[in-house]
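Following: one structure in structure tokens, then a few remarks.
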Amino acid sequence: MRFVQNLPFISIILTLFSGSLSSIISGKWAKRLNLFVIAAVTVMSAAVLLFVLGTGESYVYMMGHFPAPWGNEIRIGVLEGIMAVFFCVVMLLCMLGGGREQEAEIEAGKLNLYYIMVNLLLCSLLALIYTNDLFTAYVFVEINTISACGLIMIKQNGRTIVAATRYMIMSLLGSGMLLLGICFLYDLTGHLLMSNIKEQVHILSETGQYHIPLLVSVGLMSVGLAIKSALFPFHSWLPDAYGYSTVSSAAILSSLVSKGYIFLLVKIFYRVAGFDIITDSKVVNILFVFGICGMIMGSVSAIKENNIRRMIAFSSVAQIGYIYMGFGIATEMGVIASLYHIFSHAATKSLLFISASGITDASGDSTNFFDLTGAGYRNKLAGVAFTAGSLSMVGFPIFSGFISKILFAQAAVDGTWKMLPTMSALAISTILNAVYFMKTVIRLYTPEKKAVIRAKKFRTIPAGECPAKSIALVCFIILNLILGLCSEPIVGLIRQGLEMFA
């Protein structure tokens, strides 16, 4: 085995160890350690991706070199590689973009605790991407949940504590359903390793044995992960969690946490049950209906908001709906569109949250819609970045959101009776997106009277005042343009990764 094949396991252990180390060092050094570890894991993930692309096939890494059921294993293919690289890049930029606010909003004595949660969160995301064991996945789902809860309530104010409590209640409900589904599946197959489960599931499917219990287990796992990823109507915790937590927390939670659960669901569809069995079970139809409802209702709720961060948060409800609608179409193209939208949404939502913080900084720290008048002139880079993110969400050409909607429309054409509801939902959602995002952009570039600016103590913020945030915003804009202008090779990698999954 070549050394590069050990890097996924080393990445997981490194992030886990750095979380423990952060508990005994100061917040300043914990921050430096966190940025170093994320950068190192990004490089290692890129090396693994290049290796897998070079060989053209996935490989299995047995921890301790013991085969199942005595040992545990991780499996690495193209899709895992590109997902790991993208998650690490987004997390690194999120930490850079919100670094200044972390020091201002978090108590000095608790700053290292924040980085413990971030390191553990990255560890759990990498484990969810790489693991080939269903129970190991469940363990890291819980680590992910606890870490995310810590990121929400680190500010220790009333709204974040309530949001964290709601998040924990909904997550425990989803985790309980996931665990029940895993237990039923283990009882039916006698295995926890995904590839072994799939062999037994196909035997049961061919013989017609235990059809109902198998359907129940798949349904429980699917709905449990849908709840944990804030699919409508299980999103009540989301607006406060994203709207009142730190900037980095909001960006990471919206762009990465729910995507880790969704990626695990894709693995269950392809590597545990098999996509044909999932399609025949009709579970995808439930996800399709709730996905469309989320697309519409999330946007309607965003239109009603006068708080810019809560507006962006409700937009995430709509975008999660897009992803589940793609799964619900129940075609390979639908899954490809959903996976592409994971990248698109992660890059765009982080851009929106970080740029929104720059806008509110120039507006007396107010998130109220009416105080943002003319903020695009007071913080030019943040205004441009928010406009770019808004155009992407609406689906303007050259940005990643446009490609996502094109892929969903293409998938809908092959989706038989689902074509009309998918096309209608895409059209309605796009119009609603334009209403609240373009309304905000117009407000940002509506000149404010100088007397009002002086009275409210608004200030002009040059791009050089916070270099790290400026770098993060520029990188997110570039990332969005890359996804929008170079989509064909990315879609090709996703398709190749799905073939390796199957």
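The values are calculated or read from the model by the stated rules, or taken from the named source; none is laboratory data. Since the structure is predicted, the reported quantities are computational estimates derived from the model, not experimental observations. So basically every Cβ, Gly included, is an ideal-geometry build from the backbone, and we count neighbours across all protein chains shown. When the accessible area is computed, the model is the full protein with side chains, heavy atoms only, and any ligands, DNA or RNA have been set aside. Shrake-Rupley method; radii C 1.70, N 1.55, O 1.52, S 1.80 Å.
Observations on the model:
- As a summary of the residue check, Gly364 satisfies the conditions (1) surrounded by fewer than 22 Cβ atoms within 10 Å (Cβ to Cβ); (2) in contact with a helix residue (DSSP H, G or I) (Cβ under 7 Å, 6 or more places away or on another chain); (3) part of a helix (DSSP H, G or I) except for the one numbered (3).
- Within the range 470-502, the set of residues being open to solvent by 70 Å² or more (accessible area, probe 1.4 Å), closer than 26 Å to Val52 by Cα, in a helix (DSSP H, G or I) and of a type in the set (A, V, I, L, M) comprises Ile478, Ile482, Leu485.
- Test: residue in the range 181-204 that is without any contact (Cβ under 8 Å) to a residue 40 or more places away in the chain, farther than 29 Å from Ala273 by Cα and not polar (S, T, N, Q): no
- Residues that are within 25 Å of Ala425 (Cα to Cα) and of a type in the set (Lys, Arg), drawn from the range 243-296: Lys259, Lys282
- Residue in the range 413-437 that is least open to solvent (accessible area, probe 1.4 Å), counting only those that are in a helix (DSSP H, G or I) and over 17 Å from Ile296 (Cα atoms): Val413
- Filtered residue count, the range 41-50, keeping only those that are open to solvent by 30 Å² or more (accessible area, probe 1.4 Å) and either of a type in the set (Gly, Ala, Ser) or in contact (Cβ under 8 Å) with a residue 40 or more places away in the chain (or both): 2
- Here Ile197 meets each of (1) at pLDDT 80 or above; (2) open to solvent by less than 10 Å² (accessible area, probe 1.4 Å); (3) within 23 Å of the chain's Cα centre (by Cα) with one exception, condition (3).
- Residues that are closer than 16 Å to Tyr324 by Cα and among the charged types (D, E, K, R) within the range 383-423 comprise Lys405, Lys418, listed in sequence order.
- Verdict on Ile13 being outside any helix (DSSP H, G or I) and at pLDDT 80 or above: no
- Top-ranked residue of the range 59-79 - restricted to ones that are modelled with pLDDT under 80 and outside any strand (DSSP E or B), ranked as least open to solvent (accessible area, probe 1.4 Å): Gly71
- Conditions (1) farther than 30 Å from Thr189 by Cβ; (2) open to solvent by 10 Å² or more (accessible area, probe 1.4 Å); (3) over 17 Å from the mean Cα position of the chain (by Cα); (4) not β-branched (Val, Ile, Thr): number failed by Ser299: (2)
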